[in-house]
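Right, one structure below, let's go through it.
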Amino acid sequence: MGENVKNCQTMKITHFLPKSIVLLFLFAFTVGNTKYINRYQLVTRHNIVISSPDYLNPLTVGNGEFAYTFDITGMQTFPDFYEKGTPLGTMSQWGWHYFPNPDSFTLSDIYKYYHIGNDSVPYAYQHIMSLDEHKNKASSWLRENPHRLHLGLIGIELIKNDNTIASIADIHHPSQIINLWTGEIKSRFEFEGVPVEITTYCHQHIDLISCRIVTDLFKQGRIKITMRFAYGNHNKFSPGYDFSQPDKHSTAILTMSSSEVYFLRQLDANKYFIHAQWSGNAVIDKKSDHKYYIIPSLGNSTFDICCLFSPELRREHLPSFNETRKNNRTCWKKFWESGAAIDFSGCTDPRAFELERRIILSQYLTKIQCTGSLPPQETGLTYNSWHGKFHLEMHWWHAMHFILWGRPSLMEDQLNFYFSIYNRAEKTAAMQGYQGVRWPKMVGPGGRESPSGIGPFLIWQQPHIIYLAEMLYQIHQHDQSVLDKYKKLVFATADFMASYARYDSISDRYVLGPALIPAQERFDPETTINPSFELVYWYWGLNIAQQWRERLSMAKDIHWQEIIDRMADLPVTDSLYLFAESAPDSYTNPRYLTDHPAILGILGFLPETNKVDKTILAKTLNKIEDSWQWETIWGWDPPLAAMTATKLNMPEKAIEFLLMDTPKNTYLINGHNYQTNTLSLYLPGNGALLSAVAMMCTYKAENGRNGFPDNGKWNVKFEGFPDFEFVKY
C-alpha cells in the first residue's frame, strides 16, 4: 500500500480550464512556515505507549485490506478481557459470511410503501414488531447478512508453574510501544519472573501478520502458539466471532510439516485459508475442532511465526519476519514522507499538543483501516458495527481527507465499488420511479440495501460521488482521464438527484421530500420537507455535474438546470436557518437539538454558494453552539462545526469545536474516537478531524492568515496541502 502513495508536494499545474469557464481550482504547494518540518520527529513523538492491560486500548497493525488487533501481550491472547471494550479483531475486506437462507428472503419481502406526491414508492423498511412474522424474519436475515467475518484468533498460551493456564492477571510489568514510523509494535512483559518480548507486524502488501517471540519459556515448554476459529456472529455490534456453535463450521488441516501448516475454513457456503509458517521446528496439536496449538521444539528462545489469510489457497513460501520488517520500514517511511504534514511544536497554546497527537494517530489509523478496496465500516477492520457493513453516507468522512492531505491514491480504489453496484443502484432508482442511480446506505460488498427505519430514507450520500470525483479531477491537474472514468457515475447520480426533486406547482419551485430523513436523523420521513443541508448539497452537486458536461464539450442538461434555477431557498426564521422547512420549531423542540447539527454543513463541508448567507449562518452557528445537546452528537460533528467556523473566519471557535469536551469527542490513548461502550471506536471522527484541519491550513482570511487563531499562540507549520478553490454558484 505505502509504495503506491503519491508525493503530491512536487505537483504543478500544467493544464487550465477553457477560457469559457470560470477558473475553478488552484493547486499550490501550501506552506505555513518556510522552515522544513522534520517529519520523523513529528510522527515519533506520538508513538503510543501502553503500560497496563486496557480493554479500550488494544493496538492494531494493518494495511487497509487486512488488520490484526491484539492485546497487551502483542498477540490475541486474552480476547475475553477485551470484549468489554474493543474486541481483538482479525478482519479483511474480502472476509464475509452469509447465514443460510432457506426461506430465500429478498428485499421484496419487506418493502413498505410511502406516498410521494401522487405516487406510492417502496422502501426497504425494517420490520421488528410486525404482525407479519415473515416480514420480521426477512428483515432480520437481510439486515444481518452478509456480515464481516473474524478470520481467527492467533495468540499465545502461557503455562504457570502449577500447570494451570495463565490469565491476564498473571501478566506483570507490561510495556507496549508502537513505532509509527516503522509500523512495529513491541510488547514486553514478565510471566512468573520470566521476560517475554513479542514484536508484531502486518505486511503492507499481503494479508499476513508476522511475530517474533523471544523468551526462555520456550526452553521450559511453558508457552504455545494458539489458533482459534469461530462461526459468524449475528449481532449488530460484535467481535465478529461466535464460539458457541462449533457444529456449524469446520476447520481442517490440508497439509502440515514441522515448519508450516495449511488450514481450510468452511462456514456454510463461505471458505477461506490460513497458511502459518515458522522458524525452527514445531508440532501441531489439535486441542478441539477449532482450536490448535503450535508447540515449538525445546532449546531455542526465539520463535518467528507468520500467518497468511486468503480467500483462495496460495501455496507459496511466505515472507520471513525480517522481510516483513523491511517491508514495513520502507512502506511506512514513504507514507509519512508523502502528502501533507502539520507541526504544532512551535505553538504555546496548551491544547496544541493534544490536537497534534490526534492528527498523527488519525493518519495512522485511517491508513491501516480505511485504505482498502471497499469503503470502510465505521469500526474499520477491528470489529463489527452494524454487522460489519459500511455506510455510504459516511464515505465522505472516510475518504475525502486522503485527497485533502495530498494522498488520493489511498482512496481511489474504493470508488470502483460504485461501478460494481451500478446496475443494482440503477434498478433501485427505476423501481422507485426515478432516473439514474440511487446509491444505498448500509451495504456489504454486493451493494444490497439493508432494511432500516432510517437508512433507506437518507439522501445525503447521493452527491458524495460527485464531490469525490470532482476533487480527484482537481488534484490530478484536470486530467481528462478522470472525467472519462467517472462521468458515468457523476451523470447517473445527477439524473437521480434531478428526478428525486419534486416540483411544487403551488410555490413554483422544486422541493426535497417526503419521504426522506436528513443527515440529522431526527425527522419523520413522511412529513419532512426541504432539510437545509440537503437543499444546498443538491444545488451544489447538480452545478458540479453541469460543469462536468461542459468540460466534456456537452450541452448543459436542461432538466438539471431547471432544478438548479428553481431549487427551494433555505428556510429561515428569526434570522436563523431552520434544520428543515417542515420544522419551524427547530430551536424550541428539544428533539431537534440532538444528533448531528448537519445544517452547519451548508458551508465548510460544502464550498461557498449563493444559497447561503454568512451573516445568517454565523448567527445560526452561535445559536447551535449555545443550545445543542452536545452529548448526543457523533464524532464527526465537532469537526463539522470547526469547518463552518473556519469558513466564517472564526478560528478560535474552530479550535474550541475540534477539542470540545464532550463524551463522543474523546480520543483514546490508541487514537480511536470513542463514542459509547458498544462503539468504542469511530473512524468517521478521525477522518473528519483530518478534513477539518486540512481546511484550516488552506483557508485564507482577508488578513492573509490561515484558519488558526492569530493570537501569537498558534505558530503552526504545515506543508504539502493541495489548495482547492471553487466557483461560487
Say whether the condition of being surrounded by fewer than 24 Cβ atoms within 10 Å (Cβ to Cβ) and aromatic (Phe, Trp, Tyr) is met by at least one residue in the stretch 439-457. no
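What about Ala583, is it assigned to a loop (DSSP other than H, G, I, E, B) and crowded, with 22+ Cβ neighbours inside 10 Å? It would help to see each step written out before you state the result.
Details: assigned to a loop (DSSP other than H, G, I, E, B): yes; crowded, with 22+ Cβ neighbours inside 10 Å: yes.
When the stated conditions are applied, Ala583 passes them.
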What residue, of Asp132, Asp170, Asp162, is more than 30 Å from Ile294 (Cα to Cα), surrounded by fewer than 23 Cβ atoms within 10 Å (Cβ to Cβ) and of a type in the set (Asp, Glu)? Asp132
I'd like to know if the stretch 502-524 contains one or more residues that are without any contact (Cβ under 8 Å) to a residue 24 or more places away in the chain and under 21 Å from Arg551 (Cβ atoms). no
Just give me the residues in the stretch 658-679 being hydrophobic (A, V, I, L, M, F, W, C) and more than 16 Å from Cys697 (Cβ to Cβ), in sequence order. Leu659, Met660, Leu668, Ile669, Leu679
Of (1) under 29 Å from the mean Cα position of the chain (by Cα); (2) closer than 30 Å to Ala641 by Cβ; (3) buried (at least 18 other Cβ atoms within 10 Å of the Cβ), Trp548 satisfies every one except (2)
Considering residues of the stretch 345-376 that are polar (S, T, N, Q) and within 28 Å of Asp207 (Cα to Cα) only, the residue surrounded by the fewest Cβ atoms within 10 Å (Cβ to Cβ): Ser373
Between a first residue in the stretch 33-44 that is closer than 13 Å to Arg357 by Cα and a second residue that is of a type in the set (Val, Ile, Thr) and at pLDDT 85 or above, which pairs have beta carbons less than 8 Å apart while being 6 or more apart in sequence or on different chains? Leu42/Ile360; Val43/Ile360
Restricting to the stretch 260-284, count the residues that are farther than 30 Å from Asn145 by Cα and either in contact (Cβ under 8 Å) with a residue 60 or more places away in the chain or part of a loop (DSSP other than H, G, I, E, B) (or both). 3
Leu681 meets each of (1) buried (at least 24 other Cβ atoms within 10 Å of the Cβ); (2) closer than 18 Å to Phe605 by Cβ; (3) not charged (D, E, K, R) with one exception, condition (2)
Residue pairs meeting the criteria (Cβ under 8 Å; at least 6 apart or on separate chains; first at positive phi, in the stretch 632-650; second part of a loop (DSSP other than H, G, I, E, B) and modelled with pLDDT under 95): Asn649/Ala701; Asn649/Glu702
Under 7 Å between Cβ atoms, which residue pairs at least 6 apart in sequence (or on different chains) link something in the stretch 694-720 that is at positive phi with a partner that is aliphatic (A, V, I, L, M) and part of a loop (DSSP other than H, G, I, E, B)? Gly720/Ala340
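In this structure, does Ile616 turn out to be surrounded by fewer than 19 Cβ atoms within 10 Å (Cβ to Cβ), part of a helix (DSSP H, G or I), among the hydrophobic types (A, V, I, L, M, F, W, C) and out of contact with any helix residue (DSSP H, G or I) (no Cβ under 6 Å at 6 or more places or on another chain)? Walk me through how you get there before you give the answer.
Values: surrounded by fewer than 19 Cβ atoms within 10 Å (Cβ to Cβ): yes; part of a helix (DSSP H, G or I): yes; among the hydrophobic types (A, V, I, L, M, F, W, C): yes; out of contact with any helix residue (DSSP H, G or I) (no Cβ under 6 Å at 6 or more places or on another chain): yes.
Yes.
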For the stretch 185-203, does any single residue satisfy the condition of being surrounded by 16 or more Cβ atoms within 10 Å (Cβ to Cβ), part of a loop (DSSP other than H, G, I, E, B) and touching a residue at least 40 places away in the same chain (Cβ under 8 Å)? yes
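Of the residues Gly671, Gly707, Gly712, only one is surrounded by fewer than 21 Cβ atoms within 10 Å (Cβ to Cβ), among the small types (Gly, Ala, Ser) and part of a loop (DSSP other than H, G, I, E, B); which?
Values: Gly671 fails: surrounded by fewer than 21 Cβ atoms within 10 Å (Cβ to Cβ); Gly707 fails: surrounded by fewer than 21 Cβ atoms within 10 Å (Cβ to Cβ).
The match here is Gly712.
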Checking Ile116 against (1) under 24 Å from Arg438 (Cα atoms); (2) crowded, with 20+ Cβ neighbours inside 10 Å; (3) of a type in the set (A, V, I, L, M), only one condition comes out false. Which one? (2)
In the stretch 647-668, what count of residues is obtained for those that are more than 19 Å from the chain's Cα centre (by Cα) and in a loop (DSSP other than H, G, I, E, B)? 7
Is there a residue being touching a Ser or Thr at 6+ places or on another chain (Cβ under 8 Å), over 28 Å from Asn233 (Cα atoms), touching a residue at least 24 places away in the same chain (Cβ under 8 Å) and not β-branched (Val, Ile, Thr) anywhere in the stretch 382-394? no
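Could you say which residue among Leu570, Leu600, Leu621, Leu606 is touching a residue at least 24 places away in the same chain (Cβ under 8 Å), under 29 Å from Leu679 (Cα atoms), hydrophobic (A, V, I, L, M, F, W, C) and not in a helix (DSSP H, G or I)? Break it down stepwise before answering.
Values: Leu570 fails: under 29 Å from Leu679 (Cα atoms); Leu600 fails: not in a helix (DSSP H, G or I); Leu621 fails: not in a helix (DSSP H, G or I).
So the residue among Leu570, Leu600, Leu621, Leu606 that is touching a residue at least 24 places away in the same chain (Cβ under 8 Å), under 29 Å from Leu679 (Cα atoms), hydrophobic (A, V, I, L, M, F, W, C) and not in a helix (DSSP H, G or I) is Leu606.
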In the stretch 119-170, how many are under 33 Å from the mean Cα position of the chain (by Cα), part of a loop (DSSP other than H, G, I, E, B) and not polar (S, T, N, Q)? 9
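Looking at this structure, is Lys326 within 30 Å of the chain's Cα centre (by Cα), in a strand (DSSP E or B) and of a type in the set (D, E, K, R)?
Numbers: within 30 Å of the chain's Cα centre (by Cα): yes; in a strand (DSSP E or B): no; of a type in the set (D, E, K, R): yes.
When the stated conditions are applied, Lys326 does not pass them.
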Looking only at the stretch 477-514, how many residues end up being of a type in the set (A, V, I, L, M) and at pLDDT below 95? 0
For Thr644, state whether it is surrounded by fewer than 17 Cβ atoms within 10 Å (Cβ to Cβ), out of contact with any Phe, Trp or Tyr (no Cβ under 6 Å at 6 or more places or on another chain), assigned to a helix (DSSP H, G or I) and of a type in the set (Val, Ile, Thr). no
Give the residues of the stretch 73-112 that are of a type in the set (Val, Ile, Thr) and within 25 Å of the chain's Cα centre (by Cα), sorted by residue number. Thr86, Thr90
Going by the conditions given, is Ser244 surrounded by fewer than 16 Cβ atoms within 10 Å (Cβ to Cβ), modelled with pLDDT of 95 or more, among the hydroxyl-bearing types (Ser, Thr, Tyr) and not in a strand (DSSP E or B)? yes
Scanning the stretch 215-241 for residues that are part of a strand (DSSP E or B) and under 21 Å from Ala67 (Cβ atoms), which turns out nearest to the chain's Cα centre (by Cα)? Ser238
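The values are calculated or read from the model by the stated rules, or taken from the named source; none is laboratory data. Note that the structure is predicted; figures quoted are calculated from it, not measured. FYI the Cβ positions are ideal-geometry reconstructions off the backbone, even for glycines, and counts take in every protein chain you see.
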